[in-house]
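Colleague: Below are the structure tokens for one structure; questions will follow.
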Amino acid sequence: MFMPATLFIYDNPVSNSFPTVGIIGAGQLARMSVAPALDLGINLLLLAQDSRDSGAQIANHVVGNYENVETVLEFAKKCDIVTFEHELIPLSVIKSIEAQGVIVRPSSAAFIFSQNKAEMRKRLSKFPGPKSEVINTASEASAFPAIAKAISGGYDGRGVWKVNSAQELTKVIEQVGKVLLEEFVEFDYEIAVMVARSPHGQASTWAPTLTIQVDGICTMTVTPAPQLNSEMSAKAQRLALDIAQDIGVVGVMAVEMFVKGDQLFINELAMRPHNSGHWSIEGSLTSQFEQHLRAILDLPLGDTAMTAPIAVMGNILGSTKTDMYRPYLHLMARNPRLKFHHYKKDVRPGRKIGHVNLLGDDAVELIHEVRHALDYMSGEVNE
């Protein structure tokens with residue numbers, strides 16, 4: 001039975017020509033979009049699963065099921081343009097609302113490449129990347145070790161397995177069905193390049209970011225990526241721009257890459273603001289969240305220059321410690337330059353519940369201070 005969406009609108013008596021941007025999803029990415037939207041006078045409306053969602057706590061929102069076409073279409077009619085903060089909405093739903101005249105950015109024609117890893121590999125075959133194949137049985141695998149990926153639905157290390165034998169691969173296939181099997185690349189480090197593109201083709205990138213992963217979850221980023229020389233940095237940015245143009249993305253996109261010597265390998269795409277761009281809130285003249293709004297509305301894009309030589313971001317992961325306010329007393333006194341962003345999500349072990357940014361010119365010092373902040377927030381250290 002179709003259940004109508006519930007609408008929660010805070011008092012907003014202003015009636016003007018500023019557009020309403022609808023965001024499907026109301027997590028922390030939507031929450032961090034609120035400040036630049038307010039600065040620009042743009043109205044935001046979120047499609048939330050629950051009024052307690054991170055973004056829904058502070059923004060106008062509708063509570064409804066993003067997998068239901070009628071719900072999403074009803075939501076979209078209240079907006080001038082619709083965008084996303086996650087890749088979970090079915091492509092069929094996106095295509096259905098597009099067929100009803102809804103402006104969706106990025107469009108379904110581009111969004112599929114962040115939802116379907118097999119389609120992404122097929123489309124990006126002319127760009128550098130690990131060799132890959134879609135397989136149904138372990139006997140089809142050509143070499144081990146390899147990386148097996150669920151075709152869709154994986155994120156933060158979920159849906160990705162390193163397999164060393166046919167037996168291990170068989171267990172994965174029994175769990176998820178056919179998989180995308182990729183060549184195992186012994187890379188030196190991982191980077192991400194954030195890129196933005198508007199409908200009329202204006203595009204920009206930020207400095208490449210080193211992403212530090214633990215168990216598949218990004219725990220810290222350093223921008224610009226310290227090991228990357230100027231030639232490789234320009235090569236990575238050019239690659240991200242070429243991909244954005246090739247797939248016709250509109251909005252902000254993260255292009256994740258492996259670096260091995262002087263080679264780059266495309267890992268994955270995320271067509272939305274991304275964890276690897278959180279540093280840009282304080283670290284760039286134009287944050288990824290403001291740029292995404294500019295891009296999807298076809299406004300001139302902002303300057304992406306850095307506001308300091310180096311920006312370090314650390315993800316605050318939930319642990320057994322639940323008091324996330326009291327640590328401010330110590331950390332703010334220790335380093336007044338730390339910038340905190342809490343998502344007001346329930347604290348659970350391993351869950352991203354916030355992040356901290358720190359800018360400066362000494363990478364070793366910045367990384368040390370951010371790590372201390374993360375350890376203190378989690379309760380691993382108490383001084």
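Just so you know, all these numbers are worked out from the coordinates, no wet-lab data involved. As the structure is a prediction and not an experimental result, all values here were calculated from the model. Cβ atoms come from the backbone with ideal geometry, glycine included; neighbour counts cover every protein chain shown.
Colleague: Would you mind calculating the relative contact order of the range 131-183 from Cα pairs under 8 angstrom and at least 6 residues apart, reporting the percent as a whole number?
Modeller: RCO, the range 131-183: 55 percent.
Colleague: For a quick protection proxy, order the peptides 310-316, 111-117 by their average other-Cβ count within 10 Å, most packed first.
Modeller: Per-residue mean Cβ counts within 10 Å order the peptides as 310-316, 111-117.
Colleague: Let me see the pair-distance distribution of the range 131-183: every alpha carbon pair, 10 Å bin width, integer percents in order.
Modeller: Binned Cα distances yield the sequence 29, 63, 8.
Colleague: Return the long-range amide H neighbours of V179 (sequence gap of 5 or more, or a different chain), with a cut-off of under 5 Å between placed amide H atoms.
Modeller: Result for V179 returns I135.
Colleague: Same structure, new question: Roughly how big is the chain's charge dipole about its Cα centre, with Cβ charges of +1 (Lys, Arg) and -1 (Asp, Glu), in debye to the nearest 20?
Modeller: Result for the chain is approximately 440 debye, rounded to the nearest 20.
Colleague: Next question, about the same structure. Residue by residue through the range 358-365, what is 3J(HN,Hα) from phi via Karplus (6.51 cos²θ - 1.76 cosθ + 1.60, θ = phi - 60°)? Round to whole Hz and write x for glycine and proline.
Modeller: Result, rounded to whole Hz: 8, 10, x, 10, 10, 4, 4, 5.
Colleague: Cα to Cα, under 18 Å, and not fewer than 8 places away if on the same chain: which aspartates and glutamates meet these conditions relative to K345?
Modeller: Partners within reach: D50, D53, E85, D156, D323.
Colleague: Next question, about the same structure. Most mobile of A308, A270, A150 per a Gaussian network model of the chain (Cα springs, under 10 Å)?
Modeller: The residue that fluctuates most here is A308.
Colleague: Step through the residues of the range 277-290 one at a time and calculate ³J(HN,Hα) from phi using the Karplus curve (6.51 cos²θ - 1.76 cosθ + 1.60, θ = phi - 60°), rounding each to whole Hz and writing x for Gly and Pro.
Modeller: Going residue by residue, I get x, 5, 4, 5, 4, 9, x, 10, 4, 10, 6, 4, 6, 5 Hz, with x marking Gly and Pro.
Colleague: Test of the criteria: in the range 25-88, which trypsin sites (Lys or Arg not before Pro) are in a DSSP loop and have at most 13 other Cβ atoms within 10 angstrom of their Cβ?
Modeller: Sites meeting the loop and neighbour criteria: R52, K77.
Colleague: Normalized C-alpha radius of gyration of the range 46-100, against 2.2 N^0.38 Å?
Modeller: With N residues counted in the range 46-100, Rg over 2.2 N^0.38 Å equals 1.08.
Colleague: Pairs of alpha-carbon atoms within less than 8 angstrom and 6+ residues apart define the contacts here; what relative contact order does the chain have, in percent?
Modeller: Contact order relative to length: 12 percent.
Colleague: Taking 22 Å as the cut-off for C-alpha to C-alpha distance, list the pairs among K149/K171; K171/K352; K78/K352; K95/K117; K122/K149 that go past it.
Modeller: K171/K352; K78/K352
Colleague: At most 13 other Cβ atoms within 10 Å and a DSSP loop assignment: could you name the GluC sites (Glu not before Pro) in the range 41-89 that fit?
Modeller: E67
Colleague: In addition: Radius of gyration and Dmax for the chain's Cα atoms, expressed in Å?
Modeller: Radius of gyration, then largest Cα-Cα span, for the chain: 20.8, 64 Å.
Colleague: Also, I was wondering about something else. Using helices alone, what [θ] at 222 nm do you get for the chain, with -39,500 (n - 2.57) per DSSP H run of 4 or more residues, divided over all residues and rounded to the nearest 500?
Modeller: When only DSSP H runs of four or more count, the value is -8500 deg cm²/dmol.
Colleague: Which percent of Cα pairs goes in each bin when the distances of the range 6-104 are cut into 5 angstrom slices starting at zero?
Modeller: So the P(r) values, bin by bin, are 3, 14, 26, 27, 18, 10, 2, 0.
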